[in-house]
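Trainee: Mind having a look at this structure? Questions to follow.
All of the numbers you see were taken from the coordinates with simple rules; none came from a lab. For clarity, every value in this text was computed on a predicted model and none was experimentally measured. Methodologically, a virtual Cβ is constructed for each residue, glycine included, from the backbone with ideal geometry; neighbour enumeration extends over all protein chains shown.
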Amino acid sequence: MFEYGRMSSAASLPDLRQRISEMQPLRIDERALPTAPGLRALLPGGALRAGSAYSVQGSWQLALSFLAEASQGGAWCGVLGCPAFGAEAAVSLGIALDRCVLIPDPGRHALTLAGTLSETLSVVVARFDSRVSPADIERLGARLREHGSALVVMGDWARSESRLTVLSSRWAGLGAGHGALTTRELTVQSEDRRGTKRHAVRFERGCLASDRAPAPHTTHPGRALRAV
């Protein structure tokens, strides 16, 4: 995992872009990006689309799940504005840490960094602490289309290809004072050109229930790359 610390100045951005470009051997240019089977029903066309933005409200676990299939396929992905990002939880979702860029605390440069990452990475999950203006959303959308990347925003986002809202979350596994939480089922509402629909998304021991287990080379947190 390539981790970039808090951005103190915009002068750091060219360095970040260069370092990512040097490290990434593969970028996926096809219109449909690899998407985990357990998430396909949530999206129009059954996959993330290059050049599109999506919004997720109510679950970081759901938002981060969209990185798994692309990163396992060899593409680089990014996580922006998630200070609580955990390597073990990411591995359980199937995210390849050796192809993941993490900027946990972007500060006031969050929007600029999202644009920079979109020029190089295939899928970016981002959270913005402040409201993003319609003009800035349009400019970032143009960069997504130009470079063929997808953006998954944790929170509301105008011009989303699909808006995903977690309506409820149910856990299972605990007995009467014993056991461990093993299963989580989310009820997710999607709003897109297909209309409004409800879906069940199930996680078992942190992994999407309908997906294959992560490949061995993606499951070792010790392989993460770090830059601070």
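Trainee: From Cα coordinates alone, what are the radius of gyration and Dmax values for region 40-91 in angstrom?
Mentor: 11.7, 32
Trainee: Could you state the number of Å between the C-alpha centres of region 27-102 and region 113-152?
Mentor: 14 Å
Trainee: Extension gain Arg205-Arg193, at 0.36 nm per residue separation less the Cα-Cα distance, in nm?
Mentor: Details: separation 12, 0.36 × 12 = 4.32 nm, distance 3.26 nm.
Between Arg205 and Arg193, full extension yields 1.1 nm more.
Trainee: What does the charge count around Arg170 come to, taking other residues whose C-beta lies under 12 Å from its C-beta (Lys +1, Arg +1, Asp -1, Glu -1)? Provide the component values of the computation, followed by the final result.
Mentor: On the way: positive: Arg184, Arg202; negative: Glu185.
Result for the neighbourhood of Arg170: +1.
Trainee: Rank-order 76-84, 128-136 by packing density, defined as the average count of other C-beta atoms within 10 Å over each peptide's residues, highest first. Could the numbers behind the result be given before it?
Mentor: Numbers: 76-84: 21.1, 128-136: 11.8.
So the peptides 76-84, 128-136, ranked by packing, come out 76-84, 128-136.
Trainee: Could you sort 201-208, 94-101 so that the peptide with the highest average Cβ count within 10 Å comes first and the rest follow in order?
Mentor: Going by the mean number of other Cβ atoms within 10 Å, highest first, we get 94-101, 201-208.
Trainee: Let me ask something additional. Which FRET efficiency, nearest 0.05, do Glu185 and Arg131 yield, Cβ-Cβ r, R0 41 Å? Don't skip to the answer; put the middle values down first.
Mentor: On the way: r = 32 Å, r/R0 = 0.78.
With R0 = 41 Å, the Cβ-Cβ based efficiency is 0.80.
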